[in-house]
Amino acid sequence: MPGFTTTILHSDRQNIIEHGSVHKPIHSSVTYGHDARDLIDVFQGKKDGYRYARQGNPTVSALEDKLTKMEQGVASVCFSSGMAAIGALPQALLKAGDHVVCSIFLFGNTNNLWHTVTNLGINATFVDATDVYNVEAALTPTTRMVFVETIANPRTQIADLEKIGKLCQALGILLVVDSTLTSPYLFHPKSIGAGLIVHSLTKAIAGHADVVGGCIIDTGQFDWSRYPNIVEQIKKQPVAQWGMSQIRAKSLRDFGACLSAESAHQIAIGAETMALRIERQCHNATQLTAMLMGDPKVAAVYYPGLENHPQHALASQLFSAYGSMFSFELKTGIDPVQFLNCLNIAISATHLGDNRTLIIPVAQTIFFEVGPLRRAEMQISDSLIRVSVGIEDSVDLLSDFKQALEQI
Ligand code: PLP
């Protein structure tokens with residue numbers, strides 16, 4: 001079996017590509033013509049084929065194939081953003097009266113999303129998922145799904161992944177893992193029994209801050225015959241396909257947040273260098289966090305690679321490295337805004353997984369709208385600063401942070 005990068009680079013060529021092109025071409029066609037009988041069969045799912053770009057496109061399919069291979073899964077569906085992928089979960093798989101157990105440590109917009117769906121009659125309980133006991137205690141007879149992030153954005157809490165996976169498998173509950181912060185290169189949620197994986201393709205997979213996308217990947221670990229919300233039409237297909245078929249039908253067909261062929265192409269190009277970029281970013285993050293830990297102006301550093309991180313042992317056991325995001329707090333009285341403005345290389349900006357190092361004060365920006373109460377629940381202090389470490393030469397990054405610390 002070829003390695004991670006070899007597989008990504010040569011995935012498109014497993015099928016015939018026009019003119020020997022090394023990339024899957026960008027198919028811009030919205031509609032697809034067939035013999036009339038074939039058209040009917042394609043619409044009725046009796047024959048493979050494309051019909052209309054909202055539900056599928058050859059360039060997007062090529063990316064979906066790559067994502068499936070990256071996670072050693074069975075199928076993938078792409079969306080126009082990571083949030084569209086997460087939003088597809090309640091759209092396609094939940095109904096009023098269902099219950100979801102969510103980690104309390106989630107990306108702010110994902111936290112918002114699970115609060116928003118409670119207006120539609122779906123119940124959500126937020127728990128500290130770093131301990132499986134809290135997940136187990138929140139389960140009810142109507143719990144259909146458990147949703148966690150691997151490394152939580154931005155405070156880096158790590159869900160009790162192995163034990164939550166075992167619990168969900170034993171009870172036949174669908175476990176969905178947002179693995180954006182670990183990427184398919186550092187961790188496979190399939191290994192702990194997750195049924196579905198979510199990625200914001202915008203981040204490490206695309207990697208260049210020039211395209212937005214998201215995906216859901218079926219690991220093949222969940223028995224869809226145990227899921228109560230599959231509609232009769234979908235049940236005509238083989239059981240293994242139920243989950244993704246329903247997601248493609250209900251979310252892409254009915255809600256329409258599809259990825260464009262152009263974006264799929266750009267994400268596929270970015271993905272070719274993912275392993276190289278992530279290795280460099282993890283190296284830089286390790287250097288930078290070690291330096292900050294030793295600085296008298298720094299109050300705390302949150303990075304799973306540090307020995308004092310509460311889930312350091314779990315991260316070492318499950319992940320092949322500790323990721324490119326960390327957060328930290330400066331000592332009381334030091335103005336984070338002044339610090340950020342003293343940096344010459346790191347850019348004050350939101351986003352994660354870019355080639356450039358990005359830095360942002362959290363409570364005043366990306367977590368401003370969730371309000372002080374929910375920020376406190378997520379352990380986000382007013383002085384928390386998040387860093388997405390890029391691929392710059394580490395000596396340059398270290399000296400940039402050092403000179404900024406000296407100035408404040
Ligand atoms: N999941 C995580 C962990 C994220 O950090 C983000 C965005 O920052 C998303 C999902 C949403 O992805 P997108 O920005 O592509 O909608």
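The values are calculated or read from the model by the stated rules, or taken from the named source; none is laboratory data. If you're wondering where the values come from, they're calculated on a predicted model, not measured in any experiment. Quick reminder, even Gly has a Cβ in these numbers, built from the backbone with ideal geometry, and neighbours come from all protein chains shown. The protein model used for the area step is the full one, side chains on, heavy atoms only, and it has no ligands, DNA or RNA in it. Shrake-Rupley method; radii C 1.70, N 1.55, O 1.52, S 1.80 Å.
Observations on the structure shown:
- For a paramagnetic label modelled on N112 (point 7 Å from Cα along Cα→Cβ), amide N atoms under 20 Å away belong, within the stretch 320-357, to 349-353.
- Measuring nothing but protein heavy atoms, the accessible surface of the stretch 275-407 at 1.4 Å probe radius is 55 percent carbon and sulfur.
- Summarising the label geometry, the points placed 7 Å from Cα in the beta-carbon direction at K46 and A249 lie 1.7 nm from one another.
- Cα-based helix-to-principal-axis angle, 82-93 vs the chain, degrees rounded to 10: 50 degrees
- What you get for the chain, charging only the Cβ of Lys and Arg (+1) and of Asp and Glu (-1), is a dipole of about 980 debye around the Cα centre.
- Among M378, S320, H19 the positive-end extreme of the charge dipole of the chain (Cβ point charges): H19
- Relative contact order of the chain, taken over Cα pairs closer than 8 Å and 6 or more residues apart, is 16 percent.
- With R₀ set to 35 Å, the beta-carbon distance separating E406 from L120 gives a calculated FRET efficiency near 0.10.
- Partners for K297 among aspartates and glutamates (Cα-Cα distance below 13 Å; same-chain residues under 8 apart left out): E329, D335, E406
- Using 0.36 nm per residue and subtracting the Cα-Cα separation, the extra length available between S381 and H351 on full extension is 8.9 nm.
- For the stretch 120-136, backbone phi angles converted through the Karplus equation (6.51, -1.76, 1.60; θ = phi - 60°) give residue-by-residue couplings of 9, x, 8, 9, 10, 10, 9, 10, 6, 7, 6, 10, 4, 4, 5, 5, 4 Hz, Gly and Pro being listed as x.
- Note that the chain, at 10 °C in a medium of 1.306 mPa s, gets a Stokes-Einstein diffusion coefficient of 72 µm²/s from its Kirkwood radius over C-alpha pairs.
- Rounded percent of accessible protein surface that carbon and sulfur make up, the stretch 212-268, 1.4 Å probe: 51 percent
- Residue-span extension gain [Q364 to T5] - 0.36 nm each, minus C-alpha spacing: 125.4 nm
- Pair S28, K163: separation of 7 Å Cα→Cβ label points (nm): 5.4 nm
- Ordering G390, V177, V239 by Cα displacement along the dipole of the chain toward the positive end leaves V239 in first place; charges were set at the Cβ atoms of Lys, Arg (+1) and Asp, Glu (-1).
- Stretching S316 away from I334 to a fully extended chain increases their span by 3.2 nm, per 0.36 nm per residue minus the current alpha-carbon distance.
- Ellipticity at 222 nm from helices only: DSSP H runs of n ≥ 4 in the chain, each -39500 (n - 2.57), divided by the residue count, give -10000 deg cm²/dmol.
- Within the stretch 37-112, the ratio Rg/Rh, alpha carbon atoms throughout and Rh by Kirkwood, equals 1.06.
- Magnitude of the charge dipole for the stretch 1-129, about its Cα centre and with charges confined to Cβ atoms of Lys, Arg (+1) and Asp, Glu (-1), is about 160 debye.
- Between M293 and D38, the C-beta separation translates, for a Förster distance of 60 Å, into a calculated FRET efficiency of about 0.45.
- Mean accessible surface per residue for the chain, computed with a 1.4 Å probe while every protein chain stays in place, in Å²: 42 Å²
- Computed Rg/Rh of the stretch 269-375, alpha carbon atoms with Kirkwood Rh: 0.97
- Choice from Q233, Q287, Q221 showing the highest fluctuation, given a GNM over the chain with Cα pairs closer than 10 Å: Q233
- Under 26 Å of direct C-alpha separation, and excluding same-chain neighbours fewer than eight residues apart, K46 reaches these lysines: K24, K66, K69, K235, K236, K250.
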